[in-house]
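Structure first, commentary second.
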Amino acid sequence: MLWAPSTPDDGDAALAAGTPADATYNFCTGIYAAEARRGAAALETLLCDAAARSAAHLADSDGRYPVLDGVVAAAGRVLVGARVGVPLGTLVRGKELVLWKADEWHRHFAAPALRLDGAMRGLAAATAAWRGVEFASWPKLLAARAATAAGRAAAYFPQVYDRAVGRQMEGEGDHVTHPG
């Protein structure tokens with residue numbers, strides 16, 4: 001069952017590649033396990049509410065609601081991403097898609113008994129908090145890119161230097177000077 005409540009594990013230290021408080025945290029590529037867990041809890045609430053409404057109110061009818069099934073499927077995919085360590089930038093876009101699908105369900109199809117208002121409010125609050133983390137990380141983005149470039153340069157500089165100096169020294173012995 002995809003929407004069974006999860007428990008935090010001790011492997012989150014491996015996922016915490018950076019936190020929004022770090023000077024080089026990149027919202028688009030950084031993984032922040034505590035925020036991912038918080039977002040997963042909001043998604044689990046939405047999934048449980050959607051499944052409960054589907055089972056209680058739609059079980060006696062002969063048809064299914066594809067839009068509600070789409071909400072459940074999208075939320076399930078984003079929940080899996082939150083559990084495996086996808087960057088927050090990707091997760092927030094997925095959560096916004098789930099909110100968009102749930103809003104479509106509310107505007108066009110949901111009867112008052114089938115609405116997901118409480119779960120949507122919690123998911124919207126978590127999404128807004130993540131957008132706040134994104135806005136806070138914008139000034140740090142340049143520092144993160146500079147740190148990445150410096151790390152690459154430090155890794156490749158010895159190889160480039162050896163090749164440049166080695167070829168220059170090889171070329172000096174082969175050079176013939178013509179007398180005047």
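The values are calculated or read from the model by the stated rules, or taken from the named source; none is laboratory data. Values in this document were obtained by computation on a predicted structure and should not be read as measured data. Backbone-built Cβ (ideal geometry, glycine too); neighbour counts: all protein chains shown. Keep in mind that these areas ignore ligands, DNA and RNA; they rest on the heavy atoms of the full protein, side chains included. Shrake-Rupley method; radii C 1.70, N 1.55, O 1.52, S 1.80 Å.
Selection within region 71-97: residues that are closer than 22 Å to residue 29 by Cβ and of a type in the set (Val, Ile, Thr). The member of this set that is most open to solvent (accessible area, probe 1.4 Å) is 84. Scanning region 107-130 for residues that are surrounded by 18 or more Cβ atoms within 10 Å (Cβ to Cβ) and not in a helix (DSSP H, G or I) yields 110, 116. Total residues in region 1-48 satisfying the condition of being surrounded by fewer than 19 Cβ atoms within 10 Å (Cβ to Cβ), outside any loop (DSSP other than H, G, I, E, B) and modelled with pLDDT of 55 or more: the figure is 5.
Look at (1) in a helix (DSSP H, G or I); (2) among the aliphatic types (A, V, I, L, M); (3) within 26 Å of residue 66 (Cα to Cα) and you find that residue 142 fails only one, number (3). Exactly one residue out of 140, 101 is under 15 Å from residue 28 (Cα atoms) and either of a type in the set (D, E, K, R) or open to solvent by 20 Å² or more (accessible area, probe 1.4 Å) (or both): that is 140. Before we move on, is residue 133 without any contact (Cβ under 8 Å) to a residue 60 or more places away in the chain, farther than 20 Å from residue 48 by Cβ and buried (at least 16 other Cβ atoms within 10 Å of the Cβ)? It is false that residue 133 is without any contact (Cβ under 8 Å) to a residue 60 or more places away in the chain, farther than 20 Å from residue 48 by Cβ and buried (at least 16 other Cβ atoms within 10 Å of the Cβ). In this structure, does residue 67 turn out to be touching a residue at least 12 places away in the same chain (Cβ under 8 Å), open to solvent by 60 Å² or more (accessible area, probe 1.4 Å), among the hydrophobic types (A, V, I, L, M, F, W, C) and part of a helix (DSSP H, G or I)? Spelling it out, it is not the case that residue 67 is touching a residue at least 12 places away in the same chain (Cβ under 8 Å), open to solvent by 60 Å² or more (accessible area, probe 1.4 Å), among the hydrophobic types (A, V, I, L, M, F, W, C) and part of a helix (DSSP H, G or I).
Of all residues in region 92-148, exactly one satisfies the criterion of being acidic (Asp, Glu), under 14 Å from the mean Cα position of the chain (by Cα) and farther than 14 Å from residue 78 by Cα, namely 134. Here residue 169 clears all of (1) open to solvent by less than 60 Å² (accessible area, probe 1.4 Å); (2) over 20 Å from the mean Cα position of the chain (by Cα); (3) among the hydrophobic types (A, V, I, L, M, F, W, C); (4) modelled with pLDDT under 85 except the condition numbered (1).
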